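Worksheet: the structure to be examined is printed underneath.
The values are calculated or read from the model by the stated rules, or taken from the named source; none is laboratory data. The shown structure was predicted, so the numbers you read here are calculated from the model rather than taken from an experiment. Ideal geometry is used to build each Cβ from the backbone, glycine not excepted, and the neighbour counts take in all protein chains shown. The protein model used for the area step is the full one, side chains on, heavy atoms only, and it has no ligands, DNA or RNA in it. Shrake-Rupley method; radii C 1.70, N 1.55, O 1.52, S 1.80 Å.
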Amino acid sequence: MNMQNNSDHPLPLETLTALCKRRGFIFQTSEIYGGLNGFWDYGPLGTALKNNLRDAWWQDLVRTPPIGPDGEILDIVGLDSAIIQNPRVWEASGHVGGFNDPMCDCRESKSRYRADHLMVYVPADKDGTLFACLVGDEARAEKRIRKEAKADPAAYTVKPVTEIPVADLPRVWGPDAAKPGTLTEPRQFNLMFKTYIGAASGEDNLAYLRPETAQGIFTNYKNVLDTMRVKLPFGIAQVGKSFRNEVTPRNFIFRSREFEQMELEWFCHPDESQKWYDFWTEARLKWWESIGVSSANLRRRDHDPDELAHYSTACADVEYRYGFTAPDFGELEGIAHRGAFDLTQHQEFSGTKMEYFDQETNTRVLPHVIEPSSGLTRGVLVVLNEAYAEEFVPKGDQEGGPIQAAPGQQPPEGYEKRVVMRFSPRLAPVKAAIFPLLKNRPEIVAKAKELYMDLRTTWAVDYDQTGAIGRRYRRQDEIGTPFCITVDFDSLENNTVTIRERDSMKQTTLPITEVRAWLATHGL
Ligand code: ATP
């Protein structure tokens, strides 16, 4: 789909962030007060895009799940559990005790860094200064090495901060410090946001904002089993907000402190769990491709055995080549084989039996769980990154279609640049824009409005009558509207309109009465 987003021409994050702000996709939260690190607001188009991605996931997973490995129809039901739950949930899930990221503080700058994000340049010389930097910010550390140590960074070995002996910490120069020796030893830090329920704020009233949607599914597993007549295997799906007090929120909406997740818990017989794990890892990768993410920018990464949680026998990530990770990849979704860990924990902590009774075989079993867990907001970043393209188009009336360009590249003589978001029609925030050729011709305006009023009953459509047609096209290109429909003098005479396709810029004239059918056969 997007030829620019390859390892040769990664899309700079600033370019995407600027477009998101300029066109009303995503804003810094409470921007008029200086923002808040790790929190974002979705503007009108961002909201529509996020809802469309959420709806596509729900449609393809809950309403029409893929066909199972043996040709069977799968049963998946939806859920919407509370964000604040009984704190015991988080004790049982292991989040209170173990949902920690080791982190380092800088005593001087008061910055806090996730230890697994902090790399250290170690010199060959035993007494030399060590230089720390965040992953992705190596250029800054290398500049500092050249300036402060007057040395070649290539002569240093790079190690995670967790591998630096405590005795060497006084020689480590933190990323935001003015001198070495300000970093603390990595310590555990609980990522759950705390809150207090009711008027009193004592520890007895302590509660947490959920750090994942999954636990709400496990705590409702019995309710669903008892009310929905589901049989093993079956799934429960949920989309909703999660909160993590991330030590280093960064890369725009990739890692934020408030975000949304789309999670499926697939309950199955322990004997069949490996088959389902294989099925879901495959199916989830395919799904991201089906909504328009190119396979070249997606990959599956199986976790090494030493990366797995103690209860997990397998875990794979669907990874995407983000502009800021290129040529490397970063996580988009994780598919975990969780065994019977969660149900066992909740059974033990709550005293409620979680076993499934199989009427056919007259046996009881504690199901195993396969969990495809993805970020909805991180998915929005992938869709935005994937859709973004810059092209050169001939100026004026010259012949020729669009030519692919790299982000930031200047157009040659006779061409101008166009920025286009190539969202699949299914995800595009606006499906079609209706333009009257001239705003001062009441008959044309009336006809265009009539078409708009008709189409909006089925699709999210825009009506725009201001400015030259070329400018109106550019705006719609930048927000990724797949089709622009112009009502002109011919429309009055012949009852026809012209539809212009976003990607090819091809124009088709057809009777107004055929517009709906045309759109329906073009992905809407
Ligand atoms: P990481 O190791 O990057 O912190 P994780 O492996 O802990 O992430 P999971 O707990 O598996 O992430 O969460 C499932 C999905 O939720 C991730 O694949 C990601 O898409 C999304 N996600 C997790 N944390 C964040 C965050 N801070 N901001 C945005 N999305 C997130």
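Quick look at the numbers
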read-out	value
Convex hull volume per residue in cubic angstrom - Cα atoms of segment 310-397	197 Å³
Extension gain from D60 to D80, taking 0.36 nm per residue of separation minus the Cα-Cα distance	5.4 nm
H303, H346, H9, reordered so the largest accessible area comes first (probe 1.4 Å)	H9, H303, H346
Solvent-accessible area, 1.4 Å probe, carbon plus sulfur percent, for segment 209-284	42 percent
Whole-angstrom gap from segment 133-155 to segment 482-509, using each part's C-alpha centre	56 Å
Alpha-carbon centroid distance for the pair segment 276-334 / segment 226-274, whole angstrom	15 Å
Under 24 Å from the Cα of K241 - lysines, other chains or at least 8 residues apart	K21, K50, K194, K222
Normalised contact order of the chain, rounded percent, pairs of Cα under 8 Å and 6 or more residues apart	14 percent
Percentage of interatomic Cα-Cα distances in segment 39-157 larger than 24 Å	64 percent
Computed lengthening from Y33 to D137, 0.36 nm per intervening residue step minus Cα-Cα distance	34.7 nm
Lysine pairs in segment 430-520 with Cα atoms under 18 Å, if 8 or more residues apart or on separate chains	4
Gap separating the Cα centres of segment 337-380 and segment 181-206, nearest whole Å	29 Å
Surface per residue (accessible, 1.4 Å probe) for segment 1-120, Å²	49 Å²
log₁₀ of I(q)/I(0) at q = 0.13, 0.16, 0.21, 0.25 Å⁻¹ - segment 1-91, Debye sum with one point per alpha carbon	-0.82, -0.99, -1.06, -1.17
Relative contact order of segment 100-190, pairs being alpha-carbon contacts under 8 Å that are 6 or more residues apart, as %	40 percent
Accessible-area value, S295, 1.4 Å probe, nucleic acids and ligands omitted, Å²	70 Å²
Mean accessible surface per residue for segment 430-520, computed with a 1.4 Å probe while every protein chain stays in place, in Å²	47 Å²
Simple spin-label estimate for E72 and M228 in nanometres, 7 Å along Cα-Cβ	1.6 nm
Carbon + sulfur, % of accessible area of segment 405-499 - ligands and nucleic acids excluded, 1.4 Å	49 percent
Cα gyration tensor shape of the chain, rounded if a/c is under 1.5, else prolate or oblate by comparing a/b with b/c	oblate
FRET efficiency, K286 to D328 (Cβ-Cβ, R0 22 Å, nearest 0.05)	0.45
Relative contact order (percent, whole number), segment 408-524, Cα cutoff 8 Å, 6+ residue spacing	29 percent
Span per principal axis, largest first, for the Cα atoms of segment 430-520 (Å)	30, 29, 24
Peptides ranked, highest mean first, by Cβ atoms within 10 Å: ranges 110-118, 147-155	110-118, 147-155
Percent carbon-and-sulfur accessible area, segment 100-190, ignoring ligands, DNA and RNA, probe 1.4 Å	52 percent
Length released on extending from R516 to K147, taking residue separation times 0.36 nm less the Cα-Cα span	126.4 nm
